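In what follows, a single structure is set out as structure tokens and then discussed.
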Amino acid sequence: MEALITADTVDEAAIREKSAEVAAAQADAAVLRARVRHDAFGVLTAEQQARAKELRAARDARMKERAQDVRERRPRGHGRH
């Protein structure tokens, strides 16, 4: 994909085709993650499920906080374009 994007000429059809392939693979991965999570939760007790949800929420909060810290440290004008 990177080679297509940085090529001397723009091949829009090839970029769109490769992008569609990447999107399809990402969708397949998301479905697989959902199925694995569902199956794993099916063998946990109610208490274990609740604890897993608590741990997930705590992890998500830490990740959100770290992302905010990074945004606050990034100098103005040096972000993504």
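The values are calculated or read from the model by the stated rules, or taken from the named source; none is laboratory data. All values derive from a computational prediction rather than experimental measurement. FYI the Cβ positions are ideal-geometry reconstructions off the backbone, even for glycines, and counts take in every protein chain you see. To get the accessible areas, we keep the full protein, side chains included, count just its heavy atoms, and leave off ligands, DNA and RNA. Shrake-Rupley method; radii C 1.70, N 1.55, O 1.52, S 1.80 Å.
Please give the contour-minus-distance gain from residue 19 to residue 64: 0.36 nm per residue of separation, less the Cα-Cα distance, rounded to one decimal in nm. Let's see the in-between values first.
Values: separation 45, 0.36 × 45 = 16.20 nm, distance 2.76 nm.
Length gained between residue 19 and residue 64: 13.4 nm.
The base-10 log of I(q)/I(0) for the chain, evaluated at q = 0.27 Å⁻¹, reads -1.12 [Debye formula, identical scatterers on Cα atoms, solvent excluded]. Taking the charge dipole of the chain about its Cα centre, with +1 at Lys and Arg Cβ atoms and -1 at Asp and Glu Cβ atoms, the residue from 29, 58, 4 reaching farthest to the positive side is 58. Axis angle, to the nearest 10 degrees, between helix 12-42 and the longest C-alpha principal axis of the chain: 10 degrees. Here the accessible area of the chain is 55 percent carbon and sulfur, with a 1.4 angstrom probe and all protein chains present. Qualifying trypsin sites (Lys or Arg not before Pro) in the range 28-79, where qualification requires a DSSP coil assignment and no more than 13 other C-beta atoms within 10 Å, comprise 76. Helix content alone sets the calculated 222 nm mean residue ellipticity of the chain: runs of n ≥ 4 DSSP H residues at -39500 (n - 2.57) each, divided across all residues, give -27000 deg cm²/dmol. Normalised per residue, the accessible area of the chain is 93 Å², obtained with a 1.4 Å probe and no contribution from ligands, DNA or RNA.
Here the chain is treated with +1 on each Lys and Arg Cβ and -1 on each Asp and Glu Cβ, and its dipole about the Cα centre works out to around 640 debye.
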